[in-house]
1. Would you call Thr431 free of Cβ contacts under 8 Å to residues at least 12 places away in the same chain, out of contact with any strand residue (DSSP E or B) (no Cβ under 8 Å at 6 or more places or on another chain) and under 22 Å from Pro495 (Cα atoms)?
2. Hey, among Leu596, Leu640, Leu611, which residue is in contact with a Gly (Cβ under 7 Å, 6 or more places away or on another chain), hydrophobic (A, V, I, L, M, F, W, C) and part of a helix (DSSP H, G or I)?
3. Taking the stretch 94-149, which residues are surrounded by fewer than 19 Cβ atoms within 10 Å (Cβ to Cβ), outside any helix (DSSP H, G or I) and of a type in the set (A, V, I, L, M)?
4. Is there any pair linking a residue in the stretch 36-57 that is free of Cβ contacts under 8 Å to residues at least 40 places away in the same chain to one that is β-branched (Val, Ile, Thr), with Cβ under 8 Å and at least six apart or on different chains, and which?
5. Going through Glu397, Glu375 one at a time, which residue ends up being modelled with pLDDT under 95, open to solvent by 10 Å² or more (accessible area, probe 1.4 Å) and closer than 18 Å to Ser465 by Cα?
6. Failed condition for Asp64, given (1) part of a loop (DSSP other than H, G, I, E, B); (2) open to solvent by less than 40 Å² (accessible area, probe 1.4 Å), with all others met?
7. Being closer than 18 Å to Trp1019 by Cα, assigned to a loop (DSSP other than H, G, I, E, B) and open to solvent by less than 10 Å² (accessible area, probe 1.4 Å) is the filter here, so list the residues in the stretch 1063-1093 that pass it.
8. Only one of these conditions is not met by Lys264: (1) open to solvent by 70 Å² or more (accessible area, probe 1.4 Å); (2) modelled with pLDDT under 75. Which number is it?
Amino acid sequence: MDWYMMNCELLATCSALGYLEGDVYHREPDCLESVKDLIRYLRHEDETRDVRQQLGAAQILQNDLLPILVQYHEDKVLFDAVIRLMVNLTQPALLCFGKVPADATSRHHFLQVLSYLQAYKEAFASEKVFVVLSEKLYNLLQLDWEQRQEEDTLLIERILLLVRNVLHVPPDPTEEQGVDGDASVHDRVLWALHISGMDDLLKFLASAQVEQQWALHVLEIISLMFRDQSPEELAALGQGTAGAEHGEDTRELEALRQRELAEKRARALQRPSRHSRFGGSYVLQGLKSIGDRDLVFHKGLHNLKSYTHDLGKEPRRVPRHRQATPESEPWRRSARNVRLFLRHFCQDFLEGCYNRLMLLVKDQLVREKAQQHDETYYLWATAFFMAFNRCHGFRPELVSETVGVRAFHFIEQNLTTYYEMALMDKKEATTWARRMHLALKAYQELLRTVQEMDRSPEQAVRDSSQVIKSNIFYLMEYRELFLALFRKFDETKQPRSFLRDLVETAHLFLRMLERFCRGRANLVVQSKRVRRKKKKPRVAAVPPPPSAAELEQLWEGLAPQLQACLEGEVPLPEDVVPFDAASETPVEEQRAEALLRIQECLRDSHVPQALRLLRSAREVWPEGDVFGAADAGPPEETRLLREILVAPLPRQAPAEPEELEEEEEEDEEEEQTVQVSEKEFNFLDYLKRFACAPVVRALVLLLRGYARNSPRTNHCAARLLHRLARDLHMEPLLFQLSLFALFHRLLSDPAAAAHQELVALAKFILGKFFALAATNKKAFVELLFWKSPAAVCEMTKGYSSLQEGEGTTRSRVPPWSPQEEQELRELYWKYKEVEGGDIIAAILAHLPTAGRTRKQVVKQLVRMGLASSAKDFPRERKGTRIVLWTEEQEEELTRLFEEFQDSDDVLGNIMKHLTARRSRARVVEKLLGLGLVAERKELYKKRRRKSHGPGPGQAAKGVPAMPAQGSSGEDEDSEEEEEEEEDEAEEGPMEEHWVPEEGAGQELAQRLQQEGLAGPLRWLENCLRRVAGDREEDGVSHPVPLVPLTEENEDAMEDRRFQTLLRQLGLRPPASEQESFWRIPAALTPQQLRRVAASIAHRGPSGSSQDLPEPLRCPQEPAPEPLPAGLGSDSESEEPVPVPVPSPVQPRSKRRRELASEDEDEDGEGSGTEAAPAAPCSEEDEEDEDPQLRGRRKRVRCLEEEEEED
């Protein structure tokens, strides 16, 4: 609806209500219709709550609705309509918006609605309004259940909702800034509610048998009435003189006064009696300034203690998600008459209503008749009224409904639920933390009530407490609760008050448990252990194939049935389809499955289905006559079925379960089984569970505000720390720098006399620390870290105690002795250079110590520094080398080869049209095995070779012209000789430590230069020289792959004569199919590499090399920046980058290799047969080369990202 139209309609509607003249309100004739129109407008308001805001700004409730309610309460219809409208107007802002908005605009509307609600609450602080509501509610409750109409029930509920809405409005901190004891708006509303008698009606609704349906409404209103109250203060009210009542205030003021006097005395002692006009300058030895000199201090010595390096700095702003959670509402003391009225209300409520009301509410919660999160009111009532009863003449019969094992179980269950939801629902973690705080308070009050029952003079009450404690301490859930809350405490989600109650409750629980164990020799408790069993996939048992005799016997039994089917005596089924149309496998590839189905039908004696499948498959796959010719008769079909029955068709074997790494255990299905047993309880063993960093960190965080904490809170925190340090003899657990800083602040506090227990703890811990530091110099470093019991054991008994198995967290893995480490090191270096083998498997096979696992060996290698991580030893996947080819697949491969053998890319076309998915290596092996190709080179993709040398009729510079015919003949002879040499070389693997002879490959290199391969030879020479230089600088040798980046170099690497040259030079071909490039072995020394590079250098007519040797590098000159792994070239020449093995270099696509080296192509094409001399290295040249180097890297990186996207 349009804003302007809405304003006009609202103005006309509000004007039609009536007008106020003095204290008398005159209603208009259309007053009732106007109220109904306003209800209708509120029903259709937008998300900004525009109608609600306009009515609040016009003060309709204060000026019109409340006067109508007071003066015309006899008009039942109008009264009902006005109540409906006020319930809608006063509903909480959270219900209107769902939650507190995050954006600024919505938050502004939220705060605006909240301000109007606070104005409504102030208007309701009137006795006249509550008198009318109380009288109307009293009259409705006087009606019998039979006389009460549905409208009366709705009006009762609306009156209760209206009271709830008014009490729910939070206070305005800007308006209510009075001191304790002043009457706030909430106090005035409560006083008006008390004067009108509404509190008596609430007690009647809580105790009446026929008014059970209003139990939750009443409990919610009561919780809002006591929102700002403390049960301990209400119970202590009126139990003495006025001076005794204000004793706590007097003690607080006296403590503040003593602190102020102590500070004045300290300041008086610091500054001299006579003030000096010159403060002086001092040098603080041992305290460095910004530079290396000592700090110069320009102020008086009395200011020295307050000096820090942070003076004058702006404090760092803490991000919002890291800020501590503020307290929900500041505590405030109400007016005395209000507190007296509430105290009497608590007494009457406990004596006549509490047990019955709590029973009804819990029954509705258990039966899920309440709304969501209504159990929070139950938890609040349990904590509040049980605390009031404990402090006000403890009578256990008044709270018997919430004292027992069932109450403990209900609260523990809700506390655990809130704890789990706070961990899962991160966005609403703060809300779940508030609910968790309510449950923790209820749990604490239950423990205090049980403790109070132990002091009761009645034996029956003491026996009941013993029964409750024996049940609580027996179950494991109650003992583990506090440990879980301590470990997951987060100050950004949970307020400081939650930590305070958690520490006090844990202290109470430990003290009660200790006393309970003290009087018993052997205490048996329940213990639960969760065992997770890996649910391995069941392997279906494969039946053994039938023998030939069994198949013959089966065929003899099937022959009569088959003859009857062929003659038409037995009808064949019609709904038989030989393929699965819904399968992801194409129809053309389901031919083998059809054969298996026919065979299974025959072996199961389903002859009609087998015959129908045979004929249907013949229609679907007519090519090749696999299922018979199209005009096949009964004899042919009989022969085909017999062959299919006895044929050993390959069946898909079930997948064998592989042993996965421990990192992949989450992928396996697990079965959790909870084993419940009993064990003898030891209190000290249970206390050791609290000896961990999260518990100590939480206690230190709480003690940082020791000056604001209550004496009981400081006592509980100090007692817990004393238990950990003294009872467990783990004083080093508290050797932490943040705790020591707290001790320093405490000991230098002028008012430290008020915290004698904390001072004694600080002196005890500091004394133990300096005693340990005298023998362990590393104790000062240990201050920087939170410690575990294992670290405590190492600090006190020595840092080698855990390795010898003496620590508290003893490892299940047996330690490695020095002899075993030496054997492991020798085995690693022995099998490291073995290409294509599993290093860890070889080490395990030769390791003298039995029982070591693969993971233990890998971890020890990483710990010893022999490997960087476990990724250096990938596990070989099982089943990758088992390749079976069926006869049909071999025929298909032969057919595809004959079809594409004349194409440019034979292997690529075969891979595209092959039915079964095979790797390229397996296809090449099968083609070689079938004899379709003689060598792998025949399957390479054909390209047009670039002519880099002189043509057949031209002579290169310095080279005499040779007849084309003679050269071709010599080439053919040389090719035959080289092929023989290569075959001999391929018969056995090349030895790793084979050293090439001096001048090896020189003649073959000159011949290749004459044939136009001068560019690849120069690239190879530069690679060898660069690797030699790198090995001299690093002192470490690794096999380095030769990665060609240009098409010219790639073609040369595929040339058989060029490969023969590489073998003569001592280079190693790819050892396995996982390797794609030739490698420079690690055994070649830098001198050998330079000698080999000199042997292939291009020589002019004089016989001298025209390629200058690699320029020497200055000692001060930095080494050239390495390229990313796999590139192997710099900006001017293609040279490899050392790539550590055994990680294989994965082959890269042709597209990347062609596009990533445009500069190299230009260099190769423009060079001809002469190589340009290498320029000396200088800083200017390096600066010129950097942009080109960066451009190439960026281009290669882009290409790699494109390939990953493809």
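The values are calculated or read from the model by the stated rules, or taken from the named source; none is laboratory data. Bear in mind that the values here come from a model prediction, so they are computed numbers and not experimental data. Heads up, the Cβs are rebuilt from the backbone with ideal geometry, glycines too, and the neighbour counts pull from every protein chain shown. Accessible surface areas use protein heavy atoms only, side chains included; no ligands, DNA or RNA. Shrake-Rupley method; radii C 1.70, N 1.55, O 1.52, S 1.80 Å.
1. Against the criterion (free of Cβ contacts under 8 Å to residues at least 12 places away in the same chain, out of contact with any strand residue (DSSP E or B) (no Cβ under 8 Å at 6 or more places or on another chain) and under 22 Å from Pro495 (Cα atoms)), Thr431 qualifies.
2. Testing whether each residue is in contact with a Gly (Cβ under 7 Å, 6 or more places away or on another chain), hydrophobic (A, V, I, L, M, F, W, C) and part of a helix (DSSP H, G or I) leaves just Leu640.
3. Answer for the stretch 94-149, where residues must be surrounded by fewer than 19 Cβ atoms within 10 Å (Cβ to Cβ), outside any helix (DSSP H, G or I) and of a type in the set (A, V, I, L, M): Val100, Ala102, Leu143.
4. Sorted first by the residue in the stretch 36-57, then by its partner, the pairs are Asp37/Thr13; Tyr41/Thr13; Tyr41/Val51; Glu45/Val51.
5. Residue meeting the stated conditions: Glu397.
6. Asp64 satisfies all of (1) part of a loop (DSSP other than H, G, I, E, B); (2) open to solvent by less than 40 Å² (accessible area, probe 1.4 Å) except (1).
7. Of everything in the stretch 1063-1093, those that are closer than 18 Å to Trp1019 by Cα, assigned to a loop (DSSP other than H, G, I, E, B) and open to solvent by less than 10 Å² (accessible area, probe 1.4 Å) turn out to be Leu1065, Gly1066, Leu1067, Pro1081.
8. It is condition (2) that Lys264 fails.
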